[in-house]
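Coordinate-derived values only; no laboratory data. This is a predicted model, so every value here is computed, not measured. Cβ placement follows ideal geometry from the backbone for every residue including glycine, while neighbour counts extend to all protein chains displayed.
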Amino acid sequence: MEFGVSTFVTDDGIGPAALGRALEERGFGSLFVAEHTHIPVKRESPWPGGDELPRHYYRTLDPFVTLTAAATATERLRVGTGIALIVQRDPIVLANEVASLDLVSGGRAVLGVGAGWNREEMRNHGTEPRTRMRLLRERVLAVKELWTKDEAEFHGEFVDFDPVFSYPKPVQDPHPPVLIGGSGPTTFDRVIEFGDGWMPIYGRGTDALAAQIAELRERAGRRVPVTLFGVPPKREAIEALESAEVDGILFNLPTEPADDTLRRLDRLAELL
């Protein structure tokens with residue numbers, strides 16, 4: 001089982017290169033970073049985590065700039081988005097960004113994706129919240145075409161382009177894994193159709209996790225990798241996830257200055 005962290009890298013916390021080095025030095029296997037391009041001042045969408053939206057949500061660095069900095073400062077650390085809001089991203093640009101990250105990192109990129117919760121943020125990107133799941137599906141499928149075909153094309157309801165050349169191609173064969181976030185009633189449908197793994201949040205719709213993983217893998221007819229966000233740093237929680245055949249766990253790393261972050265990582269590393 002791989003141990004990693006998920007965090008918001010901002011302009012007032014530890015820098016991505018220093019964070020990447022600190023994780024690799026302590027034996028962590030992965031770094032996943034969150035994405036929000038902005039947060040509208042007037043917001044009606046409730047934050048799933050509680051009443052007051054934390055400051056770091058509207059101060060995040062671009063995830064691919066962040067992950068590139070972390071990748072170039074490390075040799076083994078897997079670098080991923082947790083999650084990329086691809087309903088707010090152009091799929092052709094996204095395919096190029098992730099393939100470039102995979103090339104620069106030597107095949108260590110992971111694309112965690114989701115549709116997001118902030119409807120006002122989506123609308124500012126021209127995305128209609130009611131159709132965001134259909135949009136998510138098409139953008140993932142289009143990105144995979146761009147990664148794997150010399151002359152890629154896609155014709156859908158939302159994404160439509162004639163044959164194009166799109167390079168670089170990813171280092172990983174056939175492409176970086178696409179992990180599907182969420183734990184709703186239709187999440188498994190998405191994982192099975194166009195995902196390469198499932199990445200839910202610990203404690204949000206995961207109360208029967210072992211049974212859920214078994215159901216997902218039976219429906220898929222394959223061993224779908226599962227990575228969990230926000231795992232409590234407790235041995236009993238880790239042991240339970242290991243028994244459920246989880247492949248990777250991500251401890252939540254608060255956004256703090258470098259010294260505070262390093263001390264926290266020292267404590268987390270004791271659990272590895």
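Could you identify the single residue in A109, A115 that is farther than 24 Å from D162 by Cα and either touching a Pro at 6+ places or on another chain (Cβ under 6 Å) or among the acidic types (D, E) (or both)?
Of A109, A115, the one residue that is farther than 24 Å from D162 by Cα and either touching a Pro at 6+ places or on another chain (Cβ under 6 Å) or among the acidic types (D, E) (or both) is A109.
Name the residue, out of D207, D173, that is under 17 Å from R78 (Cβ atoms), over 18 Å from the mean Cα position of the chain (by Cα), surrounded by fewer than 17 Cβ atoms within 10 Å (Cβ to Cβ) and among the charged types (D, E, K, R).
D173
State which residue is nearest to the chain's Cα centre (by Cα) when the search covers only region 30-71 and only residues that are among the small types (G, A, S) and under 14 Å from L253 (Cβ atoms).
A34
Which residues, counting only those in region 192-215, are in contact with a strand residue (DSSP E or B) (Cβ under 6 Å, 6 or more places away or on another chain) and closer than 21 Å to S243 by Cβ?
G197, W198, M199, I201, Y202, I213 - these are the residues of region 192-215 that are in contact with a strand residue (DSSP E or B) (Cβ under 6 Å, 6 or more places away or on another chain) and closer than 21 Å to S243 by Cβ.
In the set G107, G4, which member is small (G, A, S) and in contact with a strand residue (DSSP E or B) (Cβ under 6 Å, 6 or more places away or on another chain)?
G4
Restricting the search to region 1-58, which residues are of a type in the set (V, I, T), part of a loop (DSSP other than H, G, I, E, B) and surrounded by 15 or more Cβ atoms within 10 Å (Cβ to Cβ)?
Of everything in region 1-58, those that are of a type in the set (V, I, T), part of a loop (DSSP other than H, G, I, E, B) and surrounded by 15 or more Cβ atoms within 10 Å (Cβ to Cβ) turn out to be V9, I14, I39.
With respect to E75, is the statement that it is surrounded by fewer than 17 Cβ atoms within 10 Å (Cβ to Cβ) and in a loop (DSSP other than H, G, I, E, B) true?
Yes, satisfied.
Restrict the check to region 222-237 and report whether at least one residue is of a type in the set (K, R) and in contact with a strand residue (DSSP E or B) (Cβ under 6 Å, 6 or more places away or on another chain).
no
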